[in-house]
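Notes follow once the structure below has been shown.
The values are calculated or read from the model by the stated rules, or taken from the named source; none is laboratory data. These numbers come from a predicted model, not from an experiment. Here the Cβ positions follow ideal geometry from the backbone for every residue, glycine too, while neighbour counts run over all protein chains shown. Surface areas here come from the heavy atoms of the whole protein model, side chains and all, with no ligands, DNA or RNA. Shrake-Rupley method; radii C 1.70, N 1.55, O 1.52, S 1.80 Å.
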Amino acid sequence: MNKLTITIAKGEQAYGAWIDSIPGIYGQGDTVEEAKRELNEGLNLFIKHNKEIPDILRGDYETEYQYDVPSFLEYYSGIFSKSAMERLTGVNQKQLFHYVSGRSKPSKRTVKKIDNAFRRFTSELSQVHFV
């Protein structure tokens with residue numbers, strides 16, 4: 001199964017979404033959901049109206065979303081408080097706010113730390129079942 005990597009990033013006024021391996025297919029919206037929906041509409045139109053379809057779109061494919069750290073933190077701040085993100089990642093709240101506001105950029109090491117923390121969390125969460 002092919003993997004379609006979609007990048008999501010927040011600009012000054014909206015979220016944008018694009019497929020890294022297929023130039024020209026974009027989505028934009030006030031929310032991540034709107035950007036994803038527009039991207040999917042563009043992808044469907046691309047498949048419907050183009051004679052040459054990239055190999056990655058032939059057959060089954062799965063999607064993977066990648067965010068830059070500020071966009072991820074801003075989007076998920078409605079779900080995770082800054083204090084929860086601090087507990088999960090080990091990065092203090094003030095620094096997380098600086099990343100979201102653009103005052104500073106996380107180092108590659110910090111990006112990896114945040115990525116690993118959320119992967120551990122989601123892995124643990126995926127094993128939880130309620131009775």
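With the structure loaded, tell me whether Tyr61 is over 23 Å from Tyr15 (Cα atoms) and either open to solvent by 60 Å² or more (accessible area, probe 1.4 Å) or in contact with a His (Cβ under 7 Å, 6 or more places away or on another chain) (or both) or whether it fails that test. Step through it out loud before you land on a result.
Numbers: over 23 Å from Tyr15 (Cα atoms): yes; either open to solvent by 60 Å² or more (accessible area, probe 1.4 Å) or in contact with a His (Cβ under 7 Å, 6 or more places away or on another chain) (or both): yes.
Here the answer is yes, as Tyr61 does meet what is asked.
Are any residues in the range 1-30 among the polar types (S, T, N, Q) and loosely packed, with under 13 Cβ neighbours inside 10 Å, and if so, which ones? Before the answer, list the steps.
Going through the range 1-30, the residues among the polar types (S, T, N, Q) turn out to be 2, 5, 7, 13, 21, 28.
Passing the criteria: only Gln13.
Quick test for you: out of Val100, Val91, pick the one residue that is at pLDDT below 95 and either farther than 23 Å from Gly11 by Cα or under 19 Å from the mean Cα position of the chain (by Cα) (or both). Show your work before the answer.
Working: Val91 fails: at pLDDT below 95.
After ruling out the rest, the residue left standing is Val100.
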Going through the range 106-122 in order, the residues found to be touching a residue at least 12 places away in the same chain (Cβ under 8 Å), open to solvent by 50 Å² or more (accessible area, probe 1.4 Å) and within 23 Å of Gly11 (Cβ to Cβ) are Val111
Search result, residues across the range 1-32 that are within 17 Å of Pro70 (Cα to Cα) and among the acidic types (Asp, Glu): Glu12, Asp30
Test for Ala14: is it in contact (Cβ under 8 Å) with a residue 60 or more places away in the chain and under 15 Å from the mean Cα position of the chain (by Cα): no
Would you confirm whether any residue within the range 84-96 is open to solvent by less than 50 Å² (accessible area, probe 1.4 Å), closer than 30 Å to Arg120 by Cα and of a type in the set (Ser, Thr, Tyr)? yes
Considering every residue within the range 52-75, establish whether at least one is outside any helix (DSSP H, G or I), in contact with a helix residue (DSSP H, G or I) (Cβ under 9 Å, 6 or more places away or on another chain) and more than 19 Å from Glu34 (Cβ to Cβ). yes
Which of (1) within 23 Å of Phe118 (Cα to Cα); (2) in a strand (DSSP E or B); (3) out of contact with any Pro (no Cβ under 9 Å at 6 or more places or on another chain) is the odd one out, the single condition Met85 does not satisfy? (2)
Quick one: is Lys48 modelled with pLDDT of 90 or more, among the basic types (Lys, Arg), open to solvent by 40 Å² or more (accessible area, probe 1.4 Å) and over 26 Å from Asp115 (Cα atoms)? yes
Only one of these is of a type outside the set (D, E, K, R) and in a loop (DSSP other than H, G, I, E, B): Gly16, Gly24. Name it. Gly24
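Could you tell me whether Asn40 is within 26 Å of Ile19 (Cα to Cα), part of a helix (DSSP H, G or I), open to solvent by 60 Å² or more (accessible area, probe 1.4 Å) and without any contact (Cβ under 8 Å) to a residue 12 or more places away in the chain? So that I can check it myself, show each step before the final result.
Values: within 26 Å of Ile19 (Cα to Cα): yes; part of a helix (DSSP H, G or I): yes; open to solvent by 60 Å² or more (accessible area, probe 1.4 Å): yes; without any contact (Cβ under 8 Å) to a residue 12 or more places away in the chain: no.
For Asn40, the condition - within 26 Å of Ile19 (Cα to Cα), part of a helix (DSSP H, G or I), open to solvent by 60 Å² or more (accessible area, probe 1.4 Å) and without any contact (Cβ under 8 Å) to a residue 12 or more places away in the chain - is not met.
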With respect to Leu125, determine if the residue is at negative phi, open to solvent by less than 90 Å² (accessible area, probe 1.4 Å) and of a type in the set (A, V, I, L, M, F, W, C). no
